[in-house]
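**Q** Structure incoming, see below.
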Amino acid sequence: MKLSTLLMFLAGLAISIGLIYFGYRWFVKKNIRRNVIERTLAIVKPDAVRAHHTGKIIDKIEQENFTVIDLRKVQLDREQAEKFYEMHKDKKFFHQLVDYMTGGPVVVMILEKMNAIIDWRDLMGATDPAKAKEGSIRKLFGTDIGKNAVHGSDSPEAAHREIRFFFADRIKE
Ligand code: UDP
Ligand code: MG
């Protein structure tokens, strides 16, 4: 075997191992239950607010033992919505998402319980309501992958950023 072939093989192997390792770390980090009291940000999105589903959604949240620490109804402007979803700015659905999120008032909440971040994502259901599990909020109240009724932070870092975004006074630092 030529040396260059061997080196290419080894480089390919190293890249594959790296991808598997970092992919696994990312997956575990996103899906971990740390068994500590956490706070997360929940948003009842404009479609669900307009359809008068806010009360039913909060009822489900409280039935699952989350404590609503703070709650506000706000009308986002484009600048705020673009900032909030800045990680999606290169996605093809970005403009549609900003239109949707500024199309009417939203209800933003800080939720607290043990494992709040992953448990709220679980109660929300998958991004696409058609794929969300039975009984989840997106299954019950979502319309389509865009208009999916609710938002939830997807990691401790996101929860911290998103809570500060709406409730700066709640973040001590
Ligand atoms: N979204 C969309 N089309 C897509 C994917 C997402 O309109 O193909 C919207 C949808 O409202 C979603 C939001 O963009 O909730 C943020 O997308 P993300 O992938 O972060 O999903 P989530 O974390 O909300 O489940
Ligand atoms: Mg997300």
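**Q** Please verify whether Gly103 is part of a loop (DSSP other than H, G, I, E, B), modelled with pLDDT of 95 or more and out of contact with any Asp or Glu (no Cβ under 9 Å at 6 or more places or on another chain), treating the condition exactly as stated.
**A** Criteria not met by Gly103.
**Q** Taking the options Lys60, Lys133, Lys92, name whichever one is part of a helix (DSSP H, G or I), at negative phi and not polar (S, T, N, Q).
**A** That would be Lys60, the only listed residue that is part of a helix (DSSP H, G or I), at negative phi and not polar (S, T, N, Q).
**Q** Could you please find all residues in region 8-49 being closer than 30 Å to Thr102 by Cα and of a type outside the set (A, V, I, L, M, F, W, C)?
**A** The answer is Lys30, Asn31, Glu38, Arg39, Thr40, Lys45, Pro46, Asp47.
**Q** Determine whether region 154-173 contains at least one residue that is within 14 Å of ligand 1 (Cβ to nearest atom), surrounded by 13 or more Cβ atoms within 10 Å (Cβ to Cβ) and closer than 14 Å to Lys45 by Cα.
**A** No, every residue in region 154-173 fails to be within 14 Å of ligand 1 (Cβ to nearest atom), surrounded by 13 or more Cβ atoms within 10 Å (Cβ to Cβ) and closer than 14 Å to Lys45 by Cα.
**Q** Now, a different point. Out of the residues in region 106-130 that are of a type in the set (Val, Ile, Thr) and either in a loop (DSSP other than H, G, I, E, B) or out of contact with any strand residue (DSSP E or B) (no Cβ under 6 Å at 6 or more places or on another chain) (or both), which is nearest to ligand 1 (Cβ to nearest atom)?
**A** Here the residue is Thr127.
**Q** List the number of the failed condition for Met1; all other conditions in (1) out of contact with any helix residue (DSSP H, G or I) (no Cβ under 8 Å at 6 or more places or on another chain); (2) modelled with pLDDT of 95 or more; (3) not in a helix (DSSP H, G or I) hold.
**A** Against the list (1) out of contact with any helix residue (DSSP H, G or I) (no Cβ under 8 Å at 6 or more places or on another chain); (2) modelled with pLDDT of 95 or more; (3) not in a helix (DSSP H, G or I), Met1 comes up short only on (2).
**Q** Can you name the residue in region 67-96 that is more than 16 Å from ligand 1 (Cβ to nearest atom) and of a type in the set (S, T, N, Q) and is also surrounded by the fewest Cβ atoms within 10 Å (Cβ to Cβ) among such residues?
**A** Here the residue is Gln75.
**Q** Moving on to the next point. Do we find that Ile117 is within 16 Å of ligand 2 (Cβ to nearest atom), on the phi < 0 side of the Ramachandran plot and in contact with a His (Cβ under 9 Å, 6 or more places away or on another chain) in this structure?
**A** Considered against the rule, which asks whether it is within 16 Å of ligand 2 (Cβ to nearest atom), on the phi < 0 side of the Ramachandran plot and in contact with a His (Cβ under 9 Å, 6 or more places away or on another chain), Ile117 comes out as no.
**Q** Go through region 1-33 and report how many residues are in contact (Cβ under 8 Å) with a residue 12 or more places away in the chain and farther than 22 Å from Ala158 by Cβ.
**A** 0
**Q** For region 28-73, give me each residue that is closer than 18 Å to His160 by Cα and of a type in the set (D, E, K, R).
**A** Those that are closer than 18 Å to His160 by Cα and of a type in the set (D, E, K, R): Lys29, Lys30, Arg33, Arg34, Glu38, Arg39, Asp70, Arg72.
**Q** A further question on this structure: Can you confirm whether Ser16 is surrounded by 10 or more Cβ atoms within 10 Å (Cβ to Cβ) and of a type in the set (S, T, N, Q)?
**A** Here the answer is yes, as Ser16 does meet what is asked.
**Q** Something else now. Keeping to region 99-128, report how many residues are among the aromatic types (Phe, Trp, Tyr) and under 17 Å from Thr67 (Cβ atoms).
**A** Of the residues in that region, 1 qualify.
**Q** Turning to a different aspect of this structure: Just one of (1) at pLDDT 95 or above; (2) assigned to a loop (DSSP other than H, G, I, E, B); (3) out of contact with any strand residue (DSSP E or B) (no Cβ under 7 Å at 6 or more places or on another chain) trips up Arg34, so point out which.
**A** Only one criterion is unmet by Arg34, namely (1).
The values are calculated or read from the model by the stated rules, or taken from the named source; none is laboratory data. Model, not experiment: these values are computed from the prediction. Neighbour counts are summed over all protein chains in view; Cβ atoms, including those assigned to glycine, are modelled from backbone coordinates with ideal geometry.
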